[in-house]
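First up is the structure itself, then whatever we jot down about it.
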Amino acid sequence: MNYESFFAEKIGDLKSEGRYRVFADLEREYGNFPVAKNYQSKGAKKVTVWCSNDYLGMGQNSLVVDAMREALERCGAGAGGTRNISGTNHYHILLEEELANLHQKEASLIFTSGYVANLTTLSTIGQMLPNCVILSDSNNHNSMIAGIRHSRSEKIIFKHNDIVDLENKLLGLDKNRPKLIAFESVYSMDGDIAPIKEICDLAEKYGALTFLDEVHAVGLYGANGAGVSERDNLMDRIDILQGTLAKGFGVVGGYIAASNNLCDFIRSYGDGFIFSTSMPPAVAAGALTSVKHVKAHPELRSQHQERAAKLKSMLGNAGIPFMPSVTHIVPVLVGDPVLCKQASDELLYNHGIYVQPINYPTVPRGTERLRFTPTPLHNDELMVNLVKALTTVWRDLGIKQAA
């Protein structure tokens with residue numbers, strides 16, 4: 001077999017469908033977010049980043065940078081090993097204590113990424129809990145899907161945010177059989193929110209554990225930034241809360257918060273935790289500072305919501321077809337993979353605006369979109385420039401406008 005031809009053919013398939021992914025070569029400018037330097041074939045130019053998951057700009061916060069610099073000078077670059085073999089740094093312990101406190105849980109456990117946190121936790125529970133069945137929302141993130149697959153437990157997929165369908169699925173199971181319901185709070189592509197209370201009601205009625213992914217909500221919702229479950233006074237009803245340190249907190253890493261026994265169980269049996277070198281102390285120190293800062297500054301969350309609402313209003317007034325969203329996610333529908341990439345390129349090369357096209361398989365075919373994530377640092381001037389640019393690109397490419 002000609003292996004290289006096979007690889008090239010598969011890449012060619014993506015290109016012919018218009019969904020081949022091109023990475024923007026960016027250099028973030030410390031202290032100047034959301035501006036970045038974009039390296040292009042004709043040289044570097046400044047662009048405004050409109051699709052970052054650094055939702056509050058905490059990756060550029062001077063307190064976070066200073067904390068990382070101090071830890072780097074104190075501890076060096078790497079952790080030195082896995083958590084079990086010389087790689088547990090004091091910053092890791094402090095961070096886990098802070099995250100447990102944030103979510104009002106007995107304990108927390110940090111991972112190298114949110115992806116690894118989901119994959120490890122779900123696969124370990126599914127593998128080891130006898131005869132476990134995992135009920136998963138149809139729109140769950142790939143990391144949750146991967147964890148459920150690796151668990152080799154029975155899986156049942158329920159329709160997205162559909163309480164009736166979920167209960168029908170639960171009715172078909174032995175009430176005494178171990179069950180886990182896995183879902184997200186904020187779904188990042190559409191910007192909708194799960195019916196958390198109703199899912200918790202069903203979990204209690206049918207004897208299921210609840211696993212809630214708050215990746216796109218931690219830092220951004222709730223009085224202390226613990227997520228939608230905190231905002232809705234439901235944290236105590238969730239068995240396992242999963243979050244990230246890479247979005248609302250602006251650094252990198254993932255975690256779970258739960259009971260002492262559950263966290264110790266994953267710490268002791270989870271392959272993705274046991275066999276991974278732990279995060280660098282400087283990263284843990286930066287995340288610790290960020291969590292504390294975001295927790296103490298609710299005005300960041302208010303500013304974030306105001307900016308998202310402002311952008312939606314401006315897009316609506318301009319006839320740009322943004323999709324309904326009750327969160328900070330602002331998806332703008334294009335509906336065609338080729339046009340979506342063309343619109344992204346036009347914005348980048350002609351208007352100095354970077355927003356990545358979102359195509360299948362991240363979203364269903366026919367719902368290709370540009371996904372905007374305004375932050376407290378995207379001021380009115382930047383929004384005016386964005387809407388003008390979108391209006392021009394929509395006209396030039398003949399993309400359908402809102403009715």
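For the chain, give me the percentage of DSSP beta bridges that are antiparallel, rounded to the nearest 5 percent.
Numbers: 28 of 48 bridges.
Bridges in the chain that DSSP calls antiparallel: roughly 60 percent.
Anything over 27 Å Cα to Cα? Flag those among LYS292/LYS341; LYS292/LYS312; LYS42/LYS341; LYS197/LYS295, in the order listed.
Details: LYS292/LYS341 39 Å; LYS292/LYS312 30 Å; LYS42/LYS341 20 Å; LYS197/LYS295 23 Å.
Going by Cα-Cα distance, LYS292/LYS341; LYS292/LYS312 fall outside the 27 Å limit.
If you count only protein heavy atoms with a 1.4 Å probe, what accessible area per residue comes out for the chain, rounded to a whole Å²? Mind dumping the intermediate values first?
Numbers: 18010 Å² over 403 residues.
Per-residue value: 45 Å².
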At 20 °C in a medium of viscosity 1.002 mPa s, the range 1-51 has a Stokes-Einstein diffusion coefficient, with Rh taken as the Kirkwood radius over alpha carbon pairs, in µm² per second, of 159
Would you compute, from DSSP H runs of 4+ residues alone, the mean residue ellipticity of the chain at 222 nm, taking -39500 (n - 2.57) per run and dividing by the full residue count, rounded to the nearest 500?
-13500 deg cm²/dmol
For the chain, find the longest principal axis of its Cα atoms and tell me its angle to the long axis of helix 260-269, 0 to 90°, nearest 10.
80
Exposure rule at most 16 other beta-carbon atoms within 10 Å, DSSP loop chymotrypsin sites (Phe, Trp or Tyr not before Pro): the chain longest free segment
31-274
Points 7 angstrom from Cα along the Cβ direction at LYS15 and ASN32: gap in nanometres?
3.4
The alpha-carbon center of the range 330-352 and that of the range 82-154 are separated, in whole Å, by 35
Within the accessible area of the range 10-150 (1.4 Å probe), percent carbon and sulfur:
51
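Is the range 1-103 best put as rounded, prolate or oblate by its Cα gyration tensor, with a ≥ b ≥ c the root eigenvalues, rounded for a/c under 1.5, and otherwise prolate when a/b is larger than b/c, oblate when not? Write down the numbers at each step before the final one.
Working: a/c = 2.44, a/b = 1.51, b/c = 1.62.
Cα axes put the range 1-103 in the oblate bin.
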Just check the range 171-317 against the gyration tensor rule for me: Cα atoms, a ≥ b ≥ c as the square roots of the eigenvalues, rounded for a/c under 1.5, and otherwise prolate or oblate depending on whether a/b exceeds b/c.
oblate
With an 8 Å Cα cut-off and a minimum separation of 6 or more residues, compute the relative contact order for the range 1-133 in percent.
9
What net charge do the residues around GLU167 carry, taking every other residue with its C-beta under 10 Å from that of GLU167, with Lys and Arg at +1 and Asp and Glu at -1?
-2
Expressed as a percent, the accessible surface of the range 236-328 that is carbon or sulfur, using a 1.4 Å probe and the full set of protein chains, is 54
Derived scalar couplings ³J(HN,Hα) [the range 176-193; Karplus, 6.51 cos²θ - 1.76 cosθ + 1.60; whole Hz; x for Gly, Pro]:
8, 6, x, 9, 9, 9, 10, 7, 10, 8, 9, 8, 6, 8, 9, x, 9, 10
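Which whole-number percentage describes the relative contact order of the chain, with Cα contacts under 8 Å and a sequence gap of 6 or more?
Values: 794 pairs, mean separation 85.1, N = 403.
The normalised contact order for the chain reaches 21 percent.
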How much net charge surrounds ARG237 when only the other residues with a Cβ under 13 Å from the Cβ of ARG237 are counted, with Lys and Arg +1 and Asp and Glu -1?
-4
Quick check: the angle from helix 380-397's long axis to the longest principal axis of the chain, C-alpha only, nearest 10 degrees?
70
Could you check how much of the accessible area of the range 347-403 is carbon and sulfur, as a whole percent, using a 1.4 Å probe?
51
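The values are calculated or read from the model by the stated rules, or taken from the named source; none is laboratory data. Keep in mind it's a predicted model, so treat the numbers as computed, not measured. FYI the Cβ positions are ideal-geometry reconstructions off the backbone, even for glycines, and counts take in every protein chain you see. Surface areas here come from the heavy atoms of the whole protein model, side chains and all, with no ligands, DNA or RNA. Shrake-Rupley method; radii C 1.70, N 1.55, O 1.52, S 1.80 Å.
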